[in-house]
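The values are calculated or read from the model by the stated rules, or taken from the named source; none is laboratory data. It should be emphasised that the depicted structure is a prediction, and the values quoted were computed from it without experimental measurement. Neighbour counts run over all protein chains shown; Cβ positions are idealised from the backbone, glycine included.
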């Protein structure tokens, strides 16, 4: 199974940065006793562990298919992405909230605040470099999608995890800097605890976003609309396939999809002709969409009256067909007047 090194470069950059930052923050905490600094140190440890988990998931996803897992282990990457979200919440958020509340209720002065501030600034520089690497790699695959859409729709878990972690880390450093500064200026250690509490709430929010996205990928997401359009166009490009009646797709890994479709064949075709036609259709799909590694095609005869508009697989085929026609014909595209399903699709 092919795994892009693009995501791995971002993960390795984040791993190196977070490991160095965690050590530096712990040393600074020993000098200052700052709750915000301790929260940030734990945050960096959690982030370092998260990157290790992503690398483990990548390695395990490369195992060949087995009798028990005939489609391979590609979804290991999604599982470890979900574990990252749980770890970020339990280790990072929960500890930071607890420590922040403890320091608010039992405030202590921050020792050597200058040391803490210098470390926080240096950490911000390293986190910024890591974020820049992640943004650079993400821009190569993001296209014209905004960042919110990219994080919600991308099928590779590593880039969203790294981007959200690094962004949360930079904001958290701002909270820590503010908490330590106010504690030093006012002599009130509660500000330091408030900084730790804010970091914990921030990490909880980041963990919740990651958990939702990873859960969706674990359950199984369909291929993107553009990929579905390419599959439909490839299937219907040959004379042996009259149309795609319905189709389902699902990502079995970030770099592999399963395509299952019912295709309409000519009623006059022999069994041998249908077999040859299916083989040729599969070849066209794999040429158009290289990540379509698993394809199941079921031949049938098309009956417009039997099309169930409530079936997502039917709507998927209609959307893909309509999109393909618009791309081919432009504004002059029209529905097939002999096909009630196409007429319904065009009037939506």
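Brief remarks follow.
- In the stretch 32-79, the residues that are under 25 Å from the mean Cα position of the chain (by Cα) and in a loop (DSSP other than H, G, I, E, B): 62, 63, 64, 65, 69, 70, 71, 72, 73, 74, 75
- Filter result (closer than 21 Å to residue 75 by Cβ, in a helix (DSSP H, G or I), touching a residue at least 60 places away in the same chain (Cβ under 8 Å) and in contact with a helix residue (DSSP H, G or I) (Cβ under 6 Å, 6 or more places away or on another chain)) within the stretch 135-157: 151
- Counting only residues that are in a strand (DSSP E or B) and farther than 17 Å from residue 312 by Cα, the stretch 243-272 holds 5 of them.
- From the list 230, 235, the one residue that fits, being under 17 Å from residue 251 (Cβ atoms) and outside the structural domain of residue 101 (by TED's automatic domain parsing), is 230.
- Residue 121 vs. criteria over 23 Å from residue 252 (Cα atoms), free of Cβ contacts under 8 Å to residues at least 40 places away in the same chain and assigned to a helix (DSSP H, G or I): no
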